[in-house]
Protein chains: 2
Amino acid sequence: MLVIGNEILSGKIQDANTVALAALLRRLGVSLRRQVAVLDDVETIAQEVRALSESHDLVFTSGGVGPTHDDVTIDGVARAFGVEVVEDPGLAAMIRAHYGPRLLDGHLRMALVPAGSTQETTAEITWPLTRLRNVFVLPGVPEIFRLKLRVAERLIGVDRPFVSHAVYTRMDEGALKPLLDAVVAAHPGVEVGSYPTWTDPTYKTKLTFDGLDAGEVARARDALVATLPEGEPQRVE
Amino acid sequence: MLVIGNEILSGKIQDANTVALAALLRRLGVSLRRQVAVLDDVETIAQEVRALSESHDLVFTSGGVGPTHDDVTIDGVARAFGVEVVEDPGLAAMIRAHYGPRLLDGHLRMALVPAGSTQETTAEITWPLTRLRNVFVLPGVPEIFRLKLRVAERLIGVDRPFVSHAVYTRMDEGALKPLLDAVVAAHPGVEVGSYPTWTDPTYKTKLTFDGLDAGEVARARDALVATLPEGEPQRVE
């Protein structure tokens, strides 16, 4: 994923789109392996899109889409693949219909797309998602980002969703380490995570168990629970 | 900034540390230019730390610090610079004093640091921040991350803080574009941003003006306000 926008890196806005994409991909059985946030700079965006597109199956961009001077994502994606920016006739027609006599040149800039891209829709979501090869171009506004994710979801389809369990305990990570090491060694197909909290009074460490094989994930969780001392765990999910 | 953790890229947790670091750096007059999030993988972390350390003045890592198998940031930072991981005597003494007779091997793993790193403290914050060259190693738990940021703040010091203003208007971005282009052209030292909202009923677009020269930033904002039609802006900051 590539997050684009000075507003993110200047600390004005907390990015909410990475977690939305990550959670969706998880449900679809797709691993999000890398997220990068950069400033509104065409050449930087082009380099990142090119690199991510070559090294990953799917790439999602967030932000920098719109009519103003700081919206340079379409230019960046086009430059990444050495194609021109062109006006999409379908988008232009939708924009003309929407604005009618109030239409300004600035509005039509929203019809600009990289040449060769496709404009993807669903029956419910008719404002298109721009896709060029394995790159999906999404806007930064969280409400619209999540709406367009539903179009991406249709295109990707569900593979085999990840299964996730959790165990909450009052033990600290230092004490848990040997127990966790044993489970990790015995269940190589399960990703085991350990997360301390400093704010929740009901537990000290959250242990997570993730994988594609539901039975194996449950067995790893149960194996850990079986090694906990009396009075533990506090909670199992 | 390098954010490390499967929990971020699996969508279980929304990263809150990037915005905290970004806002602090802004106050110190430092530009955050790039943020990368990766999985808990030693070699990936090592590559990212090496690349970021070479291409930037300062690097901050978040997450992957602790005693369990999924805490591999110290190993990654050490590998980035080709140094060993060693036990820091000062940290080990603090951990021994803290746990007393309850001390376990797992607890002492929190005393491991890259060889050559310094353990930085302030008068108030005595649990150290690990620093190796231009890399600051911070934990992922947001409360502790922000605490250790205060140690980093002391080390960095204030340069010249960024100044920020904003204008809120009911105009849409398409209509604003020519007005913004004029201000951008006339005030090259000011970074001008434009952000539509879909949820706030009191305005349609937020315009931001940022820079290091307070007078220039205010002049750019006022120049834009002067070109708005009657009834605008809704609000100025």
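The values are calculated or read from the model by the stated rules, or taken from the named source; none is laboratory data. Predicted, not measured: the structure shown is a model, and the values here were computed from it. Quick reminder, even Gly has a Cβ in these numbers, built from the backbone with ideal geometry, and neighbours come from all protein chains shown.
Taking region B:157-191 as the range and being within 9 Å of another protein chain (Cβ to nearest Cβ), touching a residue at least 12 places away in the same chain (Cβ under 8 Å) and under 17 Å from residue A:106 (Cα atoms) as the test, the residues that pass are B:172, B:173, B:176, B:180.
Taken over region B:76-105, the criterion of being of a type outside the set (Gly, Ala, Ser), within 14 Å of another protein chain (Cβ to nearest Cβ) and more than 26 Å from the chain's Cα centre (by Cα) is satisfied by B:94, B:95, B:96, B:98, B:99, B:101, B:102, B:103, B:104, B:105.
Counting the residues of region B:51-67 that are within 12 Å of chain A (Cβ to nearest Cβ) and in contact with an Asp or Glu (Cβ under 9 Å, 6 or more places away or on another chain) gives 5. Looking across region A:51-76, the residues that are in a loop (DSSP other than H, G, I, E, B) and among the acidic types (Asp, Glu) come down to A:57, A:70, A:71.
For beta carbons closer than 9 Å, sequence separation of 6+ or different chains, a first residue in region B:217-231 that is closer than 19 Å to residue B:170 by Cβ and a second that is of a type outside the set (Phe, Trp, Tyr) and in a loop (DSSP other than H, G, I, E, B), the qualifying pairs are B:221/B:190; B:221/B:237; B:224/B:233; B:225/B:232; B:225/B:233; B:228/B:171; B:229/B:171; B:231/B:170.
Scanning for something over 17 Å from residue A:4 (Cα atoms), more than 9 Å from chain A (Cβ to nearest Cβ) and touching a Phe, Trp or Tyr at 6+ places or on another chain (Cβ under 7 Å), does region B:193-200 turn up at least one residue? The answer is no, given that none of the residues of region B:193-200 is over 17 Å from residue A:4 (Cα atoms), more than 9 Å from chain A (Cβ to nearest Cβ) and touching a Phe, Trp or Tyr at 6+ places or on another chain (Cβ under 7 Å).
The residues listed here are B:28, B:39; of these, the one that is of a type in the set (A, V, I, L, M) and modelled with pLDDT of 95 or more is B:39.
Of the candidates A:126, A:122, the single residue that is closer than 16 Å to residue A:156 by Cα and either more than 23 Å from the chain's Cα centre (by Cα) or not acidic (Asp, Glu) (or both) is A:122. Among the residues of region B:1-22, the ones that are within 15 Å of the chain's Cα centre (by Cα) and within 9 Å of chain A (Cβ to nearest Cβ) come to 10 in all.
Within region A:106-128, residues that are of a type in the set (Ser, Thr, Tyr) reach partners that are part of a loop (DSSP other than H, G, I, E, B) with beta carbons closer than 9 Å, at six or more positions or on different chains, in the pairs A:117/A:83; A:117/A:88; A:117/A:133; A:118/A:128; A:121/A:127; A:121/A:128.
Looking only at region A:141-177, count every residue that is of a type in the set (Lys, Arg) and either crowded, with 20+ Cβ neighbours inside 10 Å or at positive phi (or both) and tell me the total.
Step one: list which residues in region A:141-177 are of a type in the set (Lys, Arg), which gives A:146, A:148, A:150, A:154, A:160, A:170, A:177.
When the remaining residues are screened for being either crowded, with 20+ Cβ neighbours inside 10 Å or at positive phi (or both), the result is A:148, A:177.
Qualifying residue count, region A:141-177: 2.
Considering only residues in region B:23-50 that are part of a loop (DSSP other than H, G, I, E, B), over 11 Å from the mean Cα position of the chain (by Cα) and more than 7 Å from chain A (Cβ to nearest Cβ), the one that is surrounded by the most Cβ atoms within 10 Å (Cβ to Cβ) turns out to be B:40. Is it the case that residue B:80 is in contact with a helix residue (DSSP H, G or I) (Cβ under 6 Å, 6 or more places away or on another chain) and without any contact (Cβ under 8 Å) to a residue 40 or more places away in the chain? For residue B:80, the condition - in contact with a helix residue (DSSP H, G or I) (Cβ under 6 Å, 6 or more places away or on another chain) and without any contact (Cβ under 8 Å) to a residue 40 or more places away in the chain - is not met.
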